[in-house]
Protein chains: 2
Amino acid sequence: MATIDRDVAARVVLQQCVHAKLQVRPHDENSHAEWVEIKRGMVVYVCFFKGSTKDLIPKIVSSLLNVKLSESDSGKHVSITELPGDVLIVPQATLGGRSKGRCMQYHSNAGKEQGMELYGLLIAQCQKELESHPQWSESGAALLYGTYGNRQVLKLDTNGPYTHLLEF
Amino acid sequence: MATIDRDVAARVVLQQCVHAKLQVRPHDENSHAEWVEIKRGMVVYVCFFKGSTKDLIPKIVSSLLNVKLSESDSGKHVSITELPGDVLIVPQATLGGRSKGRCMQYHSNAGKEQGMELYGLLIAQCQKELESHPQWSESGAALLYGTYGNRQVLKLDTNGPYTHLLEF
């Protein structure tokens, strides 16, 4: 068994990709939908819980960018900054769900305002930290992200999603 | 905070899709790679931990097939049998990872033999249970699955992955 015995303030699911495309604005009467795209890199699905604070963000950023969650061409495990690869951050409130009977409930999720603030901070601090790694910033790799509160219409192409869960 | 205070014997991540394609045999000198495909439905990434037993399987199957993890055309939350939609089961040992420093460790994962047995039982019991739902079995929906131990090369098309985590 894996013993888990602590409060969780944020939950992150990570998948590696060779290409991913995310809708950041749905189409309307006047214009087409808008999308962002990444090439090889990491998709970061994130959900904040009630009680999570901005003090948490540096720890999340450090884990996302430094833990060896990616696989190099030679099969070696490396961090996304070492790969170096793109990063796509996707807000994913459903990750906070808990089943009760046949229903999923989201009572532990952070409120919209708090969630949006933390999400913005996560993106800003990821960008800053990524740019401080010359190996990443000089590679032409990019950080992109979804629109908080939107439906996250996503297309994902992988060479093995290599799915990980991190909780903070 | 979401308080989590129990042992985990299996971890499942669920994503909804409109189409998914999974490699079940890589190419070799003599033949092309083999793939399975699903249309609209649910991708089930699963990882078993040490100490998990076959007694667990009915509970997992019941949750996967009865909890309202999907979204109907009208936006209503429904189970995969009510949708009705395809199911793609993907073994995903990386889900058992825990970060220690910069490395991911998989010490809690079930051994290969045990994992393979539980994976086979999960598929068999899912198939049996799905077929017992007339709404599902008469819809032409399908259950497909990846090859245990392989690299799970996956392509995923979603209208919002609607990612959920379930632990057992």
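The values are calculated or read from the model by the stated rules, or taken from the named source; none is laboratory data. Source: prediction; values computed, not measured. Note that we place each Cβ from the backbone using ideal geometry, even for glycine, and neighbour counts take in every protein chain shown.
Brief remarks on what is shown
- The listed residue being farther than 15 Å from B:Leu121 by Cβ, among the β-branched types (Val, Ile, Thr) and within 7 Å of chain A (Cβ to nearest Cβ), out of B:Val67, B:Val36: B:Val67
- Failed item in (1) in contact with a strand residue (DSSP E or B) (Cβ under 6 Å, 6 or more places away or on another chain); (2) in contact (Cβ under 8 Å) with a residue 40 or more places away in the chain, with B:Ile123 passing the rest: (2)
- Qualifying residue in the stretch A:116-123 (condition: of a type outside the set (A, V, I, L, M, F, W, C) and within 7 Å of chain B (Cβ to nearest Cβ)): no
- The residues on offer are A:Lys68, A:Lys59, A:Lys50, and the sole one that is closer than 25 Å to A:Glu129 by Cβ, of a type in the set (D, E, K, R) and surrounded by 15 or more Cβ atoms within 10 Å (Cβ to Cβ) is A:Lys68.
- So A:Leu118, is it more than 17 Å from A:Leu166 (Cβ to Cβ), crowded, with 18+ Cβ neighbours inside 10 Å and in contact (Cβ under 8 Å) with a residue 24 or more places away in the chain: no
- From the options A:Thr94, A:Thr81, residue that is buried (at least 20 other Cβ atoms within 10 Å of the Cβ) and within 8 Å of chain B (Cβ to nearest Cβ): A:Thr94
- Among the residues of the stretch A:75-106, those that are polar (S, T, N, Q) and over 11 Å from A:Met42 (Cβ atoms) comprise A:Gln92, A:Thr94, A:Ser99, A:Gln105.
- Of residues in the stretch B:147-161 being at the interface with chain A (Cβ under 10 Å from one of its Cβ atoms), under 14 Å from the mean Cα position of the chain (by Cα) and in a loop (DSSP other than H, G, I, E, B), the one surrounded by the most Cβ atoms within 10 Å (Cβ to Cβ): B:Pro161
- Selection status of A:Lys39, closer than 16 Å to A:Leu143 by Cα, surrounded by 13 or more Cβ atoms within 10 Å (Cβ to Cβ) and among the basic types (Lys, Arg): yes
- Of the residues in the stretch B:135-143, not one is of a type in the set (D, E, K, R), within 14 Å of chain A (Cβ to nearest Cβ) and not in a helix (DSSP H, G or I).
- Of the candidates A:Glu129, A:Glu113, the single residue that is in contact (Cβ under 8 Å) with a residue 60 or more places away in the chain and surrounded by fewer than 20 Cβ atoms within 10 Å (Cβ to Cβ) is A:Glu129.
- Looking only at the stretch A:32-51, and only at residues there that are at pLDDT 95 or above and more than 16 Å from the chain's Cα centre (by Cα), the one that is farthest from A:Gly97 (Cα to Cα): A:His32
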